[in-house]
Structure formats: structure tokens, C-alpha cells
Amino acid sequence: MSSKIYDFSTLTGSIDAALNSWMSPGLAVLSEMVIIGLLFLTFYALLGLFLVYLERKVCAVIQNRVGPNRVGKWGLLQTIADLIKLLMKELIPIRKADHLLFLIAPFIVIIASFMAMGAVPFAKGLHVLDFNIGVFYVMAVSSLGVVGILIAGWSSNSKYSLIGAMRSGAQIVSYELSVGLSLMAIVVFSGTMSLSGIIESQADGWWIFKGHIPAFVAFIVFLIASTAEINRGPFDLAEAESELTAGFHTEYSGIKFAFFFLAEYINMFIVAALGATVFLGGWMPFHIGNWEGFNQVMDYIPSIVWFFAKTFFIIYVIMWFKWTFPRLRIDQLLTLEWKFLLPISMVNILLIAFLVMMHWHF
Amino acid sequence: MNSISKYFSDLFRGISSLWAGMRVTGKYFISPGQIVTQQYPENRATLKMEPRFKGEIIMPHDENNQHACTGCGICEINCPNGSIEIITDRVPNVDGKPERVIDKHIFHLSMCTFCGLCVKTCPSDALAFGQEFEHAVFDRHKLTKVLNQPGSSLKKEAKK
Amino acid sequence: MLNKQELSEIILKMVPEATFPEGTQLTEVIVPAENILALAEGLKNNKETAFDYMISLTAVDFTTNMTVVYHLDSTQFRHMIVLKVVLNDRENPLVDSVSSVWATAEFHEREVFDLFGIRFNNHPNLKRLFLEDDYGFPLRKDFRDEINIIER
Amino acid sequence: MSEEIIKDVIVRESEDYIINMGPQHPSTHGVLRFEVCLKGETVKYLIPHIGYIHRGIEKMCEADTYQQIIHLTDRMDYLSAHINNEAVCMVVEEAMQVEVPERVKYIRTILDELNRIASHQLWWCAFGMDLGALTAFFYGLRDREHILDIFEESFGSRLLHSFNTPGGLMHDVHPNFQKRTKEFITYFRKKLPEYDQLLTGNIIFQERVKGVGYMSREKAIAYGVTGPSGRGSNLACDIRKIAPYGAYDKVQFDEILMTEGDTFARYQVRMGEMLESMKIIEQLVDNIPEGDFTAKMKPIIKLPAGEYFKRVETARGELAVYVVSDGNKTPYRMKFRSPNFSNLFVMNELAAGGKIADLVAISGSLDLVIPDIDR
């Protein structure tokens, strides 16, 4: 491996060593957890603010508008102003709502997205947990969010919310399959479920290029299915504002609403990060086979830049979907999944298994 | 077999139609020069309303602080919403005869629908439309305006 | 396309009591209230007239009587006719509903009931359409709204 | 007068899931309430509740002179304000037997068609938004702005321009009018294909609207559905063809008819009408005759006693004006047969049995303007 220059493991390793030399191992682990937790909280908040800003700017440009431009330079502080507004807003208590569930639903949603973030490798040597079943873990945890949505819809005692939540439940349960199968394609190629292992396997080229057409098909299926799974774009039936006013979060206000809002954007980031990691090589620079000179040049770009560039590319594509397409109807949504995406991914995974068996991939 | 080919042709037709839409939005995304919205408070200096714009009703006064309103009340009669009230006064003119002049030409902007009947029917062309459009106020009473300026008088040539 | 003469002959066959005022813009027929439903059905189902499209149904308060006015058109021949029913009982006006003939009449009749207080026999759902139940009937000439005076 | 309260005839079952769409709901385009009964996602029936902005325009007309009525008609169907104005003007002109100058007829017709395009553009925006395509909304409004600019230059107002007056026009159009109208046509001919790429051809959009909300021709006639909604069901109901007014008898244009009768047919009729309107404008705009912008009218208009009836084609269907005059300067009774009033009540027939999302699509395709229903 030639990309030693931007390895974060030396930095994290030295911090770990320093902490261990100062205090007992148990305390060191505890303090590491606190540090990571604080860093993540900060990152989470900043990322949420930035993604909201980005979405507004992207949709504004697509719609021939300027977008936020009043608060701060180019409206950069707009989302912060919104955050302050949401923090100061009254939390409207709903009569006849199930108060406990109504209260914890936003937390379930946000914790699910928080947990998924733990397994994302941001750069070489920069991730919190390196599971041997990373792909499986991210998928499992990110689908917990639907529980929060269902609880939110049910507990608000609103008819719009309930319909929205039920739609969301049906949608996420279905699309989980396609997301899983499309990720499975790369797992079959790389032979590992560990995210770092998948990245290492792309050192000589990303799977989307190495994996022939089936990998590309898997990528497209992943894009569509994951857009549906995060309730965005043409698949935002759970909150279809022209039908259900705001769907499952109709009755939420203030910071509780902000949690849903934030979780939606963070989920978008997680999905994009997962897609970038699995299909586009994560932090791995753009390498072509054995062109040593070219690969060397690419290595000079830090791995964290590679990661965020790829992630934001996928985020942009997801936003592009949302601002182009009309919304699907619930039965068409399920038709798309069960009649198109699922058969395609199944055939696809068979093909890939065959390719791998014959050693036809690079 | 036929249904299978239909399945795939449907699929590709669908994808190409989606791509057509994405091309339109993508084209606008990469050409930010297409922005059409006006930057309103910033462009105040350059923002010019059309000369015929019906912003409010004004009574043009000349440099001698004179207007053309004789207080005949035709605009008041013609207004469908009662947004014009005219308070007239009788003052003796040079010959000593009492003559009708307006004391106050009151215009309730909050009731006006800008139908233009007052301006059209005024026999002495004393009323006109102004281009002012920023009418937002915090107190509704500020929307009641007196159109004739204090101390103004009737134009001589309009007196006949 | 039938002219006034032909129309009046057909109508007189259906309702002998019908009268035809002169000097009107469109062909007008005044029919007694009890004949209106039969005439409506006849005009719609007759092959020569085929008045299948009701443009509007409204009423006029002439202070001495209430007149229900039906504007009919034929999508096939494009001739028009105006039916009128004069209701002399202003206090309790009652006329047969034609909603079984033209579906749109159901809602026009509800509007007329709402604004004039004219009641329609056999109407499927005669409720007020715009206003509250205790509002009064604003398009009657004797209606006075003490709060929002519209007289000039 | 009997005061008994008439009971609601629809008996609700205990498992009926009733939701209210409106009066303040993003999809109802104004203050309309649909009481929707659902079974799962499927609509069992719906009851429209109207009257939230009933202003009593017909009663107000009884206190106004004919010139003053004009500005009230703007506020009925505010998206085809000019056509509404024209209806009242024409009924007065016909009653007074005033022959309006040719110039007025040409200008009125051009403005009618511009207004129709603007209205259809706004409908397109709102329809896209109903179906969740938010970008469509901005593209439609962007192009509509050009028409509104033309209006503003000529009449001083953008939406509610009481520009017609009995006998003619308030004042002459702006000297730039012809030039700018032609510029707009060139511009919009370039932009219209974008509409098709963004929505019409889109597979999601087609799936959403094809076969949804089928209205047969018989149903359209029975419910008095006119305008593009009726023409989507193959009902030739264009007043511009049946009883030409203005300069419509001097131009060549097609009445767009679709046989499918579903939401997509109504959509295509409107898209086609935009093209037809541009055709009409192109034929007229260069040939506006010179002349006076108004006929000679007395300052106080008194209609001879009698009854007058006039129909025009607004952007949404047939607007009929029925005036009963007793010879005074105010009408004795003024009735507006508004197109949306009839179009609204077919909703239940179309939406029952479909999904909630279909309900939104159908109400969008009927292009309802609520102030026109309530009057």
C-alpha cells in the first residue's frame, strides 16, 4: 500500500498510547469513548446544518433561484438561525397522544442514525468501530429508524400521522431487501463483510468499475432503494405534503421536529457514505490496475477528501432525484420494489456469484 | 416471451424518461446564470415599476402646491368600496361668493381594490396612480391617507 | 337545432299549460311548478330536443313571487332553452327537484336553497351549501344583514 | 318558511376512517374541505364542503352599477380575471346593443388567450406540486412571470386587472404590447418542451395519472363539467367554437379533444390548449386594427328591463352570466354560472375507489379555483 502519508491510524494510535500511559486501561477506554462521543455529536450537528444548507442551495439552483442569501455571507448562517428558532419554539403537547412514546420517538430515530455512523470509515484509519460484519451492522441499525417513525405516527393520535407511518413501515420493510441484496453483491465480490476489508479490496480499482455491469446495476439498485429507505426524493410518501400535510411528523414541533429533520439528513449522509464505501472505494483514491505513476499522483490527495467527495457526489444525486421527480403512489412504490428492483437484484447476485466462481472479475 | 420483452422495454423506456427529466434539472444546475428571481430589497435603486402600475392613488400637485381637484365627488360616487371620502368646505372667493373647495380628500388604501374607476371618471384629471408599492405598516390607520397636501389649493385653470 | 316555433310545439305537447313570453333573448317557457319534473324528463329524453346539459339553475326573487330559472343546453344540437317556474308562495316556496334528470342540478338546487330558501321535493341531500343553518336567505330582496350593510 | 334541519343523508359506519382534507391543506388550492372516508388508503367516498370564502358577490352586484361589477368578477376566478370581466362587459354591450370597435375585440381576444396561458401555466405548476414534483412549480411560475409583466405594463396590475369596461377597454394597451407578446410567444415555444421532458414524459408521472379518475362523456354532461376537464372526456364544450365572441370567429384553432377521460387526458388537453392559445395570439397580434379603444357609452349605464344571458369560455370552462334588469342602473339579479362550481361536484364520482394520492391528482386535474365556487 502506497497511501501511507495520510494515515490517521498513527494519530489515533498515539492518542490511545498517551491516554494509556496517563491512566489505567479501563479509564483510558472510558475517556476515549467520551472524546469520540463529543466529536461525533459535534460532527453530527455540523453535518446536519451543512446538509440542510446544501439541499437548499442545490434545489434553489435547480429551480432558478438563489436560495438562502440573507443570514450571513451567501446565507451560510441560515440553518443556524433555523436551529435557534427550532430550539426556542414551544413543544406543543398533544392531547390524547401517548405521551411517553410521543416523546421517545424522535430519539429512537436519531439514535438509530447515530449508531450507524459509528461504523462509517471516514478516512484511512479513521473510524470508530471496525466490525468484521460492518455492512450487516450498518444495515441492521439504520433500519431501526422505522420503529421510531412508526411510534411517532401512532402515538401522535393524528390520522395523517398514522397513514404516513404505515406507509413508511411498508416502504422501509420492502426496500430493506433491495438495499441488502445490492450490498450483498459487493460482499460476494470482495469476500468480506468488514467495511475496511471492502475498501482494501478496492485498492486496484473500485468495485463499480471492477465488477462489470452487475456491480453497476447493483449500484443503481442501491441508489434507488436507499433513497426510498431514507424517505426522500420521489419516495417521500411518509410525509407527502400534498396528501398528508406532513405525514408522520405532523404533530411534532420545535426541537422534536428538528430531530426528525436532522435524522433524515444524517440518514442521507450515512446511505451515501455506505454507497461510496462499498461501490466507489470509500477513502481509497482512484487507482487503475498497475499504473504506478498515476496511482502515486492520486495518493497525494488525502483519503478524507476522497471519502467526502464521493459521499457528497451520491448525496447530490439523491437530491437531484428529489428535485426532479414527482412522488410515487404507495402501490406503485411497492410494485417498483417487488416487481422490478427485487428480481433484478436477485438475478444480479446470481450473475455475480457466477462471475466470482469463474474468477472473471479483476 | 412477449411479456418478457415488454418488461424490459418498459424498464428502459421508464429509465430514459426519468433521465430526460434529470437532464432538464441538471442543465439548470450547471448553468447558475439562469437565476430569474429578483433580489428585491437590494435592487430597490434599480427597481422601476411600469408607469401604469397601480400602486396607490395619488393627487398630483404642481410646484405651487396646487392640485386639480374641485371636490365634485364623482370619484366618491364611483368607488365600489367606499374607499374615497371627500370633505368639502365653502370659502368665499375673490368675488365674495362662497365656493366649494376640498378640505380633505381621504383615501382608504386598505379598502381599495385598484379598479381604476376613480381615476378614469375624474372630470378634471386630479387623480392618478402612484408607483409606490411598499404599503406594509404596523398600524392600519396609517393606510388612511389624505391625498391633498396641507395648504394646497385648486389650480387656476381647473377652476372653470 | 330547433327554433322557437318547433320547440314550443314539442313543449306544448308535453305540458299544455306552458306559456311562451315574447321578446326574450332566448326561448323561454313558463311552466307550472307541478309540471317541471315531467317536462325536464321529456326535454332530456326526447330525441329531437335532447336537452342533456344543464347550464345553470338559479332563482330570482321578484318580491311578489319566486321564479326558478333553468338554463338548458343540448350537447348534440346546441340549442338553448330557459325554463321558468313561478312560485307564488314566497313564504314557503316548494318545487320538484330535477336532480334525478341532471346530476349537476343537485348542487345548483342546494345553492338556490341556501341563498333563497326555495325547497326542492325529493332532493337527495337538501342541506345548506355555503352558509350556516341559521343565517337567513341572503339573495331574497327582504334580507337585511345588520352587521355587514351592503346597501348604498 | 320551515326551519327544520335536514339531516345528513350519508350514514357513517363505525369503522369508517374519516379525514378532513382542508380547509388549510396543501393540496386544496384554497379554502376547500374534502371530508374523505378511507378504507386503508382507498377512498370510499368524499364530501366537498365549501363556503369558506363565500363573499356574496351576487348580492353585492345588486348594489353596484355595471362598471363597478367588473372589479368583483375579477375576484371570482382570479386566474382568468380578464375573461370574467369580458363576460359581464359583453352581456351589457349586448343588452345596450352597443357595437364595440374591432380593435377592442382583437385586444380582448389576445388578452383572453394570454390569460388562459397564464392560468394553465399556474395549473401546471400546482399540478406538479400536487404530485410532488416541486421543481415544476418554479419553472411554471418563471414562465408565467413574462405574461404578468406584459399585463403589468399595459394595465398596471398583474393578476386582477379590471381592464375591460362596458363598451371597450379602460385605456389603450401599451405601445410595447405587440412586441412583448411576440417575444413571449417565441420564449414560451422554447420552454414548453421542457415541461414535457420534466413531467409529461416522465414514467412516474404517467403511472400516477394514466387511468386515474376516469370520467365518461355522459358523466361529464350530467355533472355539467366543462372546459378542459370536460374536453378530456371528449365533450366538445368550447364556447369559443359553439358561440364565437370577440375575434374568435376570425381565427383558426382546434378544440383539443381527448377520448380517454382520465387525469392524463385532462392534462394533455391543457397542454394542447397552451399551444392553441399561442396560435390564436400569433394570428391576431400583428393584425390589431387601428381605432378607438372604447365605444361611446353613457356615463350611467341602464340596461333595458329584461333578462340577458351570455356565455364565455374561461380557462376552466363555461362561465355564464345571467342578468335580470328592471331598468335601473344596478342589476336586479346577477347570477354567475361558474365553471368550477359544476366541476367540483364530480369529484366524488371520480375519486371514490382510488387512493388518497389519486384524489390529490384528480382534484389537481380538475383545476379548481375555490373563490369561483364560493363567489
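The values are calculated or read from the model by the stated rules, or taken from the named source; none is laboratory data. Computed from a prediction, not measured in an experiment: that's the story for all the values here. Here the Cβ is made from the backbone with ideal geometry for all residues, glycine too, and neighbour counts use every protein chain on show. SASA here: full protein model, heavy atoms, side chains in, ligands and nucleic acids out. Shrake-Rupley method; radii C 1.70, N 1.55, O 1.52, S 1.80 Å.
Taking every protein chain into account, the accessible area of region C:4-88 amounts to 39 square angstrom per residue (probe 1.4 Å).
Evaluating 6.51 cos²θ - 1.76 cosθ + 1.60 at θ = phi - 60° for every residue in region B:19-25, the Karplus couplings come out as 5, 4, x, 5, 5, 4, 5 Hz, glycine and proline recorded as x.
Mean partner shielding of peptide C:108-118, defined as the number of other chain Cβ atoms within 10 Å of each residue Cβ, is 2. Under the convention that each Lys and Arg Cβ holds +1 and each Asp and Glu Cβ holds -1, the size of the dipole of chain A around its Cα centre is about 940 debye.
For chain A, the 222 nm mean residue ellipticity estimated from helices alone, with every DSSP H stretch of n ≥ 4 adding -39500 (n - 2.57) and the total spread over all residues, rounds to -22000 deg cm²/dmol. One quarter of the convex hull surface built on the alpha carbon atoms of region D:280-365 amounts to 9.6 nm², the projected area averaged over directions. Shape descriptor for region A:172-245: Rg over Rh equals 1.12 (Cα atoms; Rh from the Kirkwood inverse mean 1/r). Per-residue 3J(HN,Hα) values for region D:317-329, derived from phi via the Karplus relation 6.51 cos²θ - 1.76 cosθ + 1.60 with θ = phi - 60°, read x, 8, 9, 10, 10, 10, 10, 10, 10, 10, x, 8, 7 Hz in sequence order (x marks Gly and Pro).
Ordering A:HIS249, C:HIS108 by accessible surface, largest first, gives A:HIS249, C:HIS108; the 1.4 Å probe counts only protein heavy atoms, with every chain in place.
Candidates B:GLN66, B:ASN148, B:ASN78 compared by Cα position along the dipole of region B:56-154: farthest toward the positive end lies B:ASN78, with charges placed on Cβ.
Remark: accessible area buried at the B-D interface is about 2400 Å², both chains counted, probe radius 1.4 Å. In this structure A:SER24 has an accessible area near 70 Å², from a 1.4 Å probe over the protein heavy atoms.
Here region A:92-357 was treated as a single set of alpha-carbon atoms; its pair distances binned every 5 Å from 0 give 1, 6, 13, 17, 18, 15, 12, 8, 5, 3, 1, 1, 0, 0 percent.
Taking all protein chains as they are arranged and a probe of 1.4 Å, the heavy atoms of B:ASP95 leave approximately 120 Å² accessible to solvent. With the whole protein complex present, B:ARG100 retains an accessible surface near 100 Å², based on a 1.4 Å probe.
Mean per-residue shielding of peptide B:131-139 is 0, counting Cβ atoms of other chains within 10 Å of each Cβ. For A:LYS124, the aspartates and glutamates whose Cα comes closer than 17 Å to its Cα, not counting residues fewer than 8 places off in the same chain, are A:ASP7, A:ASP16, A:GLU200, A:ASP204, A:ASP299.
Placing D:TRP123, A:TRP306, A:TRP74 in order of accessible area, with the largest value first and a 1.4 Å probe, yields A:TRP74, A:TRP306, D:TRP123.
Residues whose amide H comes within less than 5 Å of that of A:ALA123, counting only those at least five positions distant or on another chain, are absent (H built at 1.01 Å from N in the peptide plane).
No solvent, one uniform scatterer per C-alpha: report log10 I(q)/I(0) for region A:60-132 via the Debye equation at q = 0.20, 0.22, 0.24 1/Å, two decimals. The Debye formula, applied to the Cα set alone, gives -0.94, -0.95, -1.00. Buried surface for the A/D pair, taken as the accessible area of each chain alone minus that of the pair with a 1.4 Å probe, is close to 2600 Å² in total.
Computed in the context of the full set of protein chains, the accessible area of chain B at 1.4 Å probe radius has 57% of its extent on carbon or sulfur. Over region C:8-119, the hull volume per residue, using the convex hull of the C-alpha atoms, is 98 Å³.
Computed over the protein assembly as shown, the quotient of the alpha carbon radius of gyration and 2.2 N^0.38 Å is 1.11. The slack in the chain from B:THR37 to B:PHE138, taken as 0.36 nm per residue of separation less the alpha-carbon distance, amounts to 33.7 nm.
In chain C, the DSSP-assigned H stretches of four residues or longer account for a calculated mean residue ellipticity at 222 nm of -6500 deg cm²/dmol, using -39500 (n - 2.57) per stretch and the full residue count as denominator. Here's how it looks for C:THR27: its modeled amide H is under 5 Å from those of C:VAL82, which are all 5 or more places away or on a different chain. Within region B:1-119, the percentage of alpha carbon pairs spaced more than 25 angstrom apart rounds to 61%. Using a 1.4 angstrom probe on protein heavy atoms only, the contact between D and C buries about 4100 square angstrom of accessible area, both sides summed.
Scanning residues 5 or more positions from D:HIS49 or on other chains, those with amide H under 5 Å from its amide H are D:ARG33, D:PHE34, D:GLU35, with H placed 1.01 Å from N in the peptide plane.
Evaluated at q = 0.12 Å⁻¹, the base-10 log of the normalised Debye intensity for region D:58-185, with identical point scatterers placed on the Cα atoms, takes the values -0.49.
The mean count of C-beta atoms from other chains within 10 Å of the C-beta of residues in D:324-335, rounded to a whole number, is 3. The ellipsoid that matches the Cα gyration tensor of region B:58-106 has semi-axes, each √(5λ) in whole angstrom, of 22, 15, 8, with the longest given first. Each Lys and Arg adds +1 at its Cβ and each Asp and Glu adds -1 at its Cβ; summed about the Cα centre, region A:265-362 shows a dipole of about 400 debye. Protein heavy-atom accessible surface, 1.4 Å probe, per residue over region A:169-208: 26 Å². Per-residue ellipticity at 222 nm, computed for chain D from helices alone with -39500 (n - 2.57) per DSSP H run of at least four residues, works out to -14000 deg cm²/dmol.
Under the criterion of Cα pairs below 8 Å and six or more residues apart, the relative contact order for chain A equals 22 percent. When the inverse distances between all different Cα atoms of chain D are averaged and flipped, the Kirkwood radius reads 21.4 angstrom. Three semi-axes describe the equivalent ellipsoid of region A:288-362; taken as square roots of 5 times the Cα gyration tensor eigenvalues and ordered largest first, they are 34, 25, 7 Å. In region A:92-357, taking the dipole from charged Cβ atoms about the Cα centre, the farthest positive-side position among A:HIS99, A:PHE325, A:PHE260 is held by A:HIS99.
Each 5 Å bin from 0 upward holds the following percent of the Cα-Cα pairs of region B:96-144: 4, 14, 21, 23, 17, 10, 6, 4, 2, 0.
Applying a threshold of 26 Å to the alpha-carbon distances of B:LYS142/D:LYS302; B:LYS104/C:LYS141; B:LYS120/D:LYS329; D:LYS241/D:LYS355; B:LYS54/D:LYS191 flags B:LYS142/D:LYS302; B:LYS104/C:LYS141; D:LYS241/D:LYS355; B:LYS54/D:LYS191 as lying beyond it. About its Cα centre, the protein assembly as shown has a charge dipole of approximately 1680 debye under the convention of +1 per Lys or Arg Cβ and -1 per Asp or Glu Cβ, with nothing else charged. In order along region A:307-319, the Karplus-derived 3J(HN,Hα) couplings, from 6.51 cos²θ - 1.76 cosθ + 1.60 at θ = phi - 60°, round to 4, 5, 4, 5, 4, 6, 5, 5, 4, 5, 5, 5, 5 Hz, and Gly and Pro are given as x.
For region C:4-88, the relative contact order is 27 percent, taking Cα pairs closer than 8 Å that sit 6 or more residues apart in sequence and dividing their mean separation by the residue count. Look at the dipole of chain A built from charges on Cβ: of A:PRO68, A:PHE312, A:PHE50, the Cα furthest out on the positive end belongs to A:PRO68. Across D:ILE110, A:ILE84, C:ILE147, A:ILE208, the residue with the most accessible area heads the list, and the full order at a 1.4 Å probe is C:ILE147, A:ILE84, A:ILE208, D:ILE110.
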